[in-house]
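One structure below.
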Amino acid sequence: MFTISPGGNVAFTKQGAAVGPTVNSGLNPKAEFVTLTVVADTNTLRGYVNGNLLITVTDSAWSSGYFSLITFNNSSSFKNVRLSGAVPDAPSGLAAASPAGSQSVRLSWTAANNANAYRVKRSETVGGPFTPIGTVSGDTTFVDNYALKSKSYYYVVTALDSLGAESSDSNLIGPITASY
């Protein structure tokens with residue numbers, strides 16, 4: 001099961017025991033609408049909260065079976081349930097440049113199999129956390145027009161399929177500073 005507690009902690013459980021990490025989503029499921037999504041791909045489960053990947057767990061016992069969604073207030077719904085099919089491949093070849101005087105960072109990458117769109121994420125530290133800064137459909141380039149000249153940034157890109165399942169991160173690029 002993929003659950004969210006009253007305090008906003010999310011975790012996968014199997015037969016009542018936690019499997020993998022418990023992550024705080026920063027949300028209050030009693031006070032706000034929360035969407036939980038589980039994407040199963042072979043032996044890997046990915047748990048998303050409001051579209052953001054929070055937990056990835058691998059367990060050979062999960063290659064088939066039933067998946068449940070439980071919300072704290074005992075109301076739930078399923079949308080775009082996927083029990084088979086491939087999660088998009090991670091984009092590759094992420095590159096970044098900041099042409100002189102552009103005041104922006106231009107990113108480009110190689111298209112991924114099964115991708116309908118790409119989510120661009122940025123961090124001020126090499127280890128993250130990475131914050132989504134844009135989504136691109138039908139293109140493999142993105143321009144970050146909000147990069148500050150006094151800051152260095154690190155970037156990753158993920159691929160999204162037609163149901164919103166997200167790939168793992170592309171290669172990391174950075175640090176890069178916008179040219180002014």
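Remarks
- ³J(HN,Hα) computed for each position of region 170-180 - Karplus, 6.51 cos²θ - 1.76 cosθ + 1.60, integer Hz, glycine/proline x: 5, 4, 7, 10, x, x, 9, 10, 4, 8, 10
- Net charge, residue 97 excluded, C-beta distance under 12 Å - Lys, Arg +1, Asp, Glu -1: 0
Computed from the coordinates by the stated procedures, all read-outs in this text should not be read as laboratory data. Just so you know, these numbers come straight off a predicted model, no measurement behind them. Don't worry about glycine lacking a Cβ; one is built from the backbone with ideal geometry, like all the others, and counts go over all protein chains shown.
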